[in-house]
Amino acid sequence: MFETNRPTLILARGVPGSGKSTLAALLGIMSSTQFIEADHYFIDGEGNYNFNPSELGKAHEYCQYHCRVALCSGSNIIVSNTSTTEKEVQTYKDIAKEYGANFISLIVENRHGGESIHNVPPEKIQQMKDRFSIKL
């Protein structure tokens, strides 16, 4: 049940290029809500994106840590990650439960033909599409 007196964790999910980051940033601005994504881990002090697949686990830990910090302080947060599997969604659902927060999962569709700004190969995007879990 959604309660307005509790913080809310919104998980924006979708394949690369769908517009997750854009949506999360817009929602964040419109509602003064922080947003975080694993990609933030790979941005250096000069604003350059330096993806390193061997550090993907650390990037997700970074994202989950910042999510917990926000919820612990009673703040709402928007997390923008692909979150294609049920296990990945459950991680954030569990974090929300841990802090007594509301949980909302939003799926961002790529109906506009957007392309990945991080040059994710088409075959990798197809793998994500093939494993994308949806509960209606």
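The values are calculated or read from the model by the stated rules, or taken from the named source; none is laboratory data. Remember, predicted model here, so these are calculated numbers, not experimental data. Using ideal geometry, Cβ is built from the backbone for each residue, glycine included, and neighbour counts are taken over all protein chains shown. The accessibility values were calculated without ligands, DNA or RNA, using every heavy atom of the protein model including side chains. Shrake-Rupley method; radii C 1.70, N 1.55, O 1.52, S 1.80 Å.
Under the rule of at least 5 residues apart or a separate chain, name every residue whose amide H is placed under 5 Å from the amide H of ASN81.
ALA12
What does DSSP give for the chain in terms of the percent of beta bridges that are antiparallel, rounded to the nearest 5? Write down the numbers at each step before the final one.
Working: 1 of 14 bridges.
Here the share of antiparallel DSSP bridges comes out near 5 percent.
For region 17-104, what's the relative contact order in percent, using C-alpha pairs closer than 8 Å and at least 6 residues apart?
Over region 17-104, the number comes to 31 percent.
Using amide H atoms built 1.01 Å from N in the peptide plane, name the residues 5+ places from THR33, or on other chains, whose amide H lies under 5 Å from its own.
none
Keeping all protein chains in the complex and leaving out DNA, RNA and ligands, what accessible area do you get for THR85 with a 1.4 Å probe, in Å² to the nearest 10?
40 Å²
State the percentage of accessible surface on region 1-129 attributable to carbon and sulfur atoms; use a 1.4 Å probe and exclude ligands, DNA and RNA.
Using a 1.4 Å probe with all protein chains present, region 1-129 comes out at 53 percent carbon and sulfur.
With a probe of 1.4 Å, find how much accessible area region 70-119 has per residue, and write the answer as a whole number in Å².
Each residue of region 70-119 exposes 57 Å² on average to a 1.4 Å probe.
Kindly provide the helix-only [θ] at 222 nm of the chain, computed as the sum of -39,500 (n - 2.57) over DSSP H runs of four or more divided by all residues, to the nearest 500 deg cm²/dmol?
-12000 deg cm²/dmol
Count the net charge of all other residues whose Cβ sits under 14 Å from the Cβ of LYS124, scoring Lys and Arg as +1 and Asp and Glu as -1.
Once all neighbours under 14 Å are counted, the net charge is -1.
For GLU61, GLU88, GLU46, write out the residues from largest to smallest accessible area, computed with a 1.4 angstrom probe and no ligands counted.
Ranked from most to least accessible, the order is GLU46, GLU61, GLU88.
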